[in-house]
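Student: My questions will all concern the structure given below.
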Amino acid sequence: MRRIHVPWQDGEKSVSMAVPHRVPKSMRSRVPLVGSAVRIRRDPLGFVQQIRRYGDVATFKLGPRTAYVVNHPDLIRQMLVTDAEKFHKGVMFQKAQVLARNGLFTSEGDFHARQRRLIQPAVHASEIAGYTRTMGDHVQGLVTAWADGEVVRMDEVTFPLALGIVARVLFSTDLDPEAAAEVQETLPVLLRGLGQRALAPFDFLDRLPTPTNRAFERALPRFRAVVYRMIRQHRLDLGQHPDLLTSLLQAVDADTGAAMTDDQVYDEVTSMIIAGSETTAAAMSWAAYLLAAHPAAQRAVQDEVDDVLQGRPVRYEDLGRLQYTHRVVKETLRLYPTTWMLMRRPLVDVDLGGYRLPADAMVLFSIFALHRDPALFPDPEHFDPDRWLPARAETIPPHAYLPFGAGPRGCIGGPFSHTEASVFLATLAQRHTLVPVSDEPARIVTTLIPMPGPIPLAVRSRTEPPVSTSPEAVTR
Ligand code: HEM
């Protein structure tokens, strides 16, 4: 029995009736046993877009399991927000526990809610103003070093940039070069490994000595060593830095009075590094790529930045006036939303739009597919920042745009990363024009997040208008 809405006088009324659940259409696989695992691995982005055509809820086989895919924005919203307490995050996040164990990204229930209350203030919109200067300094350091005519691999430079900013802002420390190099080398390997494990049709595949698994096993202790070293160093001079790591080390449980152990602190630090570095790096790379490929949009950003900043470094108060730049970031996150697929696990049987999701089922949803659905976004493959002009944005259905997810498990770093990407574009646009070096479209490499493949862009230094050389502007 399920509740349905029936027409009633002027509106509708919700009644309980013995109406059978709808049966989701199933995408058949030609490969028995492993189901669609091979197809997903070969073309994950094609897969999530194809299965969208099978209805609001569709199924496919993943090894012996039936996986459910929720495609309709209202139903995704129901799962993430209205019925959030009926879901845990699912296999994908259980597998991520090997790396982030019981941090914010992976934990559940009361523990998660408590940790979220503790961590959220550090990345709340009200704190971002104070971080903008740090972001600007890091970006200036990067872009002032680029020479006219140089070819820069955006996909390579943005990750160290984003990692440096997260470390500096949240842990008020610059990673020493050795630690930074370790994290830069190991984190992509770990995320690639997790991406494969999330959709492996059988768990034993995680333990086979494949090159990806072996690389994962080698990278994990190296990554852990860096994070634990950072925690130990912070404990030594506790209270010296007013930052998130210090708050974590000083926090005590209201009921038990117990402080967090190094292991718990490690889990939270790792969650923030995983969630906050590659994601924002990908967003910055894709934004640079899109601007290089759309010279008129790039010129519009430059004109806006010249007009608002008059050659000085970007400040938080300027961001509200950098409206076009803001729309570029928004549109970038629509086209490349950094998660091609996320998961949930219902704790009880859940009715979703008349479909029954059984308790414990593997439930997937794709923000990437949602953002490229022609029923939600006209001409969805087209980069069009002005679709976010207020009059046009009004016509976009609610819940169709979810780059940061939603509800109690939505991203806590949304304002942080949006600001970082805007500061990146504004600072870059002041100094340089980016030019593609090839007509080939950039490849999307899907690990856990759709990462840019190689994005080489030629840098042309701008001569007009002159960039201020006041001490405030020169940060290197
Ligand atoms: C462009 C950049 C980013 C994007 C697109 C992004 C996207 C997301 C999405 C979609 C989720 C929800 C996952 C789910 O519902 O299963 C999420 C969660 C999360 N994000 Fe972000 N994120 C970004 C940057 C950041 C940054 C900079 C931080 C931290 C400084 C961060 C911290 C987190 C954390 C801790 C969670 C887990 C929240 C929880 O479960 O309570 N993210 N992110």
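Student: Can you tell which of Thr261, Thr256 is modelled with pLDDT of 80 or more and not aromatic (Phe, Trp, Tyr)?
Tutor: Thr261
Student: Scan segment 250-290 residue by residue and report those that are crowded, with 22+ Cβ neighbours inside 10 Å, of a type in the set (A, V, I, L, M, F, W, C), more than 10 Å from the ligand (Cβ to nearest atom) and more than 18 Å from Pro337 (Cβ to Cβ).
Tutor: Scanning segment 250-290 gives Val265, Val269.
Student: While we're on this one: Take the residues of segment 318-333 that are open to solvent by 50 Å² or more (accessible area, probe 1.4 Å) and in contact (Cβ under 8 Å) with a residue 40 or more places away in the chain: which is farthest from Ile128 (Cα to Cα)?
Tutor: The selected residue is Lys330.
Student: Of all strands (runs of 3 or more DSSP E) completely enclosed by segment 331-413, which ones contain at least 1 residues that are in contact with a Phe, Trp or Tyr (Cβ under 6 Å, 6 or more places away or on another chain) and either modelled with pLDDT of 95 or more or over 28 Å from Lys86 (Cβ atoms) (or both)?
Tutor: Ranges flagged: 342-346, 355-357, 362-365.
Student: Also: For segment 217-249: of the residues being in contact (Cβ under 8 Å) with a residue 12 or more places away in the chain and not in a helix (DSSP H, G or I), which is most open to solvent (accessible area, probe 1.4 Å)?
Tutor: Per the stated criteria, the residue is Pro242.
Student: Might you let me know whether segment 421-438 holds any residue that is within 14 Å of the ligand (Cβ to nearest atom), touching a residue at least 40 places away in the same chain (Cβ under 8 Å) and assigned to a loop (DSSP other than H, G, I, E, B)?
Tutor: Scanning segment 421-438 turns up no residue that is within 14 Å of the ligand (Cβ to nearest atom), touching a residue at least 40 places away in the same chain (Cβ under 8 Å) and assigned to a loop (DSSP other than H, G, I, E, B).
A quick yes/no check of all residues on (1) in contact with a Gly (Cβ under 8 Å, 6 or more places away or on another chain); (2) under 18 Å from Gly164 (Cα atoms); (3) not hydroxyl-bearing (Ser, Thr, Tyr):
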position: Ala215; (1), (2), (3): yes, no, yes
position: Ala219; (1), (2), (3): yes, no, yes
position: Gln240; (1), (2), (3): no, no, yes
position: Glu278; (1), (2), (3): no, yes, yes
position: Ala288; (1), (2), (3): no, no, yes
position: Ala300; (1), (2), (3): no, no, yes
position: Gln310; (1), (2), (3): no, no, yes
position: Thr325; (1), (2), (3): no, no, no
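Student: OK, next. From Thr144, Thr158, Thr134, grab the single residue that is in contact with a Phe, Trp or Tyr (Cβ under 9 Å, 6 or more places away or on another chain) and either among the polar types (S, T, N, Q) or closer than 16 Å to Val265 by Cα (or both).
Tutor: So the residue among Thr144, Thr158, Thr134 that is in contact with a Phe, Trp or Tyr (Cβ under 9 Å, 6 or more places away or on another chain) and either among the polar types (S, T, N, Q) or closer than 16 Å to Val265 by Cα (or both) is Thr158.
Student: Let me ask you something else. Filter segment 40-56 for residues that are among the charged types (D, E, K, R) and under 14 Å from Leu364 (Cα atoms) and give the result.
Tutor: Arg52, Asp56
Listed here are the residues, each with its yes/no results for (1) open to solvent by 40 Å² or more (accessible area, probe 1.4 Å); (2) within 9 Å of the ligand (Cβ to nearest atom); (3) β-branched (Val, Ile, Thr); (4) within 30 Å of Thr256 (Cα to Cα).
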| position | (1), (2), (3), (4) |
| --- | --- |
| Ala96 | no, no, no, yes |
| Gln115 | no, yes, no, yes |
| Thr132 | no, no, yes, no |
| Gly141 | no, no, no, no |
| Ile165 | no, yes, yes, no |
| Ser172 | no, no, no, yes |
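Student: Out of (1) over 30 Å from Pro121 (Cα atoms); (2) open to solvent by 40 Å² or more (accessible area, probe 1.4 Å); (3) within 16 Å of the ligand (Cβ to nearest atom), what's the single condition that is false for Arg443?
Tutor: (3)
Student: Any chance segment 414-426 includes a residue that's surrounded by fewer than 19 Cβ atoms within 10 Å (Cβ to Cβ) and within 18 Å of the chain's Cα centre (by Cα)?
Tutor: Yes, that holds for at least one residue.
Student: If Thr106 meets every condition in (1) within 11 Å of the ligand (Cβ to nearest atom); (2) over 17 Å from the mean Cα position of the chain (by Cα); (3) among the hydroxyl-bearing types (Ser, Thr, Tyr) apart from one, which number is that one?
Tutor: Checking Thr106 against (1) within 11 Å of the ligand (Cβ to nearest atom); (2) over 17 Å from the mean Cα position of the chain (by Cα); (3) among the hydroxyl-bearing types (Ser, Thr, Tyr), the one that fails is (2).
The values are calculated or read from the model by the stated rules, or taken from the named source; none is laboratory data. Values in this document were obtained by computation on a predicted structure and should not be read as measured data. Cβ: placed from backbone, ideal geometry, glycine included. Neighbour counts: every protein chain shown. In case anyone asks, the SASA skips ligands and DNA or RNA and just uses the protein heavy atoms, side chains included. Shrake-Rupley method; radii C 1.70, N 1.55, O 1.52, S 1.80 Å.
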